[in-house]
Amino acid sequence: MAMDLRGSDSVPGQNHEVNSVFTPSSEPLRPGGRISDQAGGNSASEAKPTLPTGQAHSSEPAERDPQACSTASLNSESKGGIGNCDAPAGESLLGNYELSQQIGTQLKLLPMNDQIRELQTIIRDKTASRGDFMFSADRLIRLVVEEGLNQLPYKECMVTTPTGYKYEGVKFEKGNCGVSIMRSGEAMEQGLRDCCRSIRIGKILIQSDEETQRAKVYYAKFPPDIYRRKVLLMYPILSTGNTVIEAVKVLIEHGVQPSVIILLSLFSTPHGAKSIIQEFPEITILTTEVHPVAPTHFGQKYFGTD
């Protein structure tokens with residue numbers, strides 16, 4: 001049984017509520033356990049006692065201070081999500097109920113299944129070839145983009161089939177665009193274009209100043225009427241969340257309201273997602289996994305600079 005993720009139709013520029021992807025569970029997920037598959041009837045009690053994905057191959061220390069690495073990670077994030085600073089590893093994979101309580105209902109997770117889990121595993125595997133990595137990354141990006149489009153408003157329409165039958169369907173409301181945070185966000189652009197051929201895509205480059213270590217916008221190019229559009233903000237790896245926070249501030253300066261921004265991400269740390277939602281409570285974050293260890297090598301490996 002498929003889970004409904006469709007948001008209610010709304011006038012562009014207005015916020016609309018979206019149903020959470022999972023049904024809250026009364027039993028928290030144990031560290032190392034797999035997320036319960038509500039559709040398939042799998043129970044979390046059947047989970048194998050293995051390490052959470054990403055920790056098995058990690059050579060970095062497990063515990064980090066998010067405040068200490070907040071500034072240092074901004075520069076590495078802006079260079080393609082290649083930083084080494086992770087959120088505190090005292091947290092483990094969280095279930096939907098825990099995420100809603102700790103982070104907020106604006107965080108949406110794709111329903112977990114074996115296909116998504118395999119793609120996540122290949123992306124995290126340090127022994128995976130670049131070809132397998134890119135193939136798996138592109139597939140996962142496509143799934144996130146497709147679900148992101150489900151969050152946008154539709155309107156009813158009537159079409160006539162070749163046999164003359166009148167069919168009642170839906171179509172996108174106009175006024176959407178994408179914005180990629182360079183460099184790693186550019187990896188998601190083709191996935192969006194594959195789904196929306198004529199969609200306009202802006203770009204933004206944010207790095208930290210070498211002297212002050214403060215975030216600095218080096219480049220921003222948006223559609224001139226972006227303030228009237230709903231924005232799909234693309235950034236695959238959320239570590240500290242600093243880069244995204246600065247990008248959203250730039251969008252706000254251009255007249256975009258946080259309520260019409262949908263952040264598309266592949267992996268997020270609890271600290272990163274929480275930081276963004278605390279700063280902008282109306283923004284929507286869509287990701288496949290919230291885990292204390294993010295695959296921060298993503299940008300380097302995807303673009304072949306590792």
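When the Cα atoms of segment 99-303 are enclosed in a convex hull and the volume is divided per residue, what value in Å³ results?
About 150 Å³ per residue, rounded to a whole number.
Return the inverse of the average 1/r over all pairs of distinct C-alpha atoms in segment 262-306, which is the Kirkwood hydrodynamic radius, in Å to one decimal.
11.5
Would you mind working out the accessible area per residue for segment 98-157, using a 1.4 Å probe, and quoting it in Å²?
44
Roughly speaking, to the nearest percent, how much of segment 99-303's 1.4 Å accessible area is carbon and sulfur?
47
Over 21 Å apart: what share of the alpha carbon pairs of segment 203-306 falls there, rounded to a whole percent?
Across segment 203-306, Cα pairs with separations above 21 Å total 36 percent.
Between residue 221 and residue 305, what is the label-to-label distance in nm when each label sits 7 Å out along the Cα-to-Cβ direction?
1.7
Just from the alpha-carbon atoms, what are the Rg and Dmax of segment 183-232 in angstroms?
13.6, 42
Explain nothing, just the number: dipole magnitude of segment 99-303 about its Cα centre with +1 on each Lys and Arg Cβ and -1 on each Asp and Glu Cβ, in debye rounded to the nearest 20.
Here the size comes out at about 400 debye.
Using the heavy atoms of the protein chains and a 1.4 angstrom probe, tell me the accessible area per residue for segment 228-298 in square angstrom.
Ligands and nucleic acids excluded, the figure is 23 Å² per residue.
The values are calculated or read from the model by the stated rules, or taken from the named source; none is laboratory data. Everything numeric here is computed off the predicted structure, so don't read it as measured data. Cβ sites come from the backbone with ideal geometry, for glycine too, and all protein chains shown count toward neighbours. Surface areas here come from the heavy atoms of the whole protein model, side chains and all, with no ligands, DNA or RNA. Shrake-Rupley method; radii C 1.70, N 1.55, O 1.52, S 1.80 Å.
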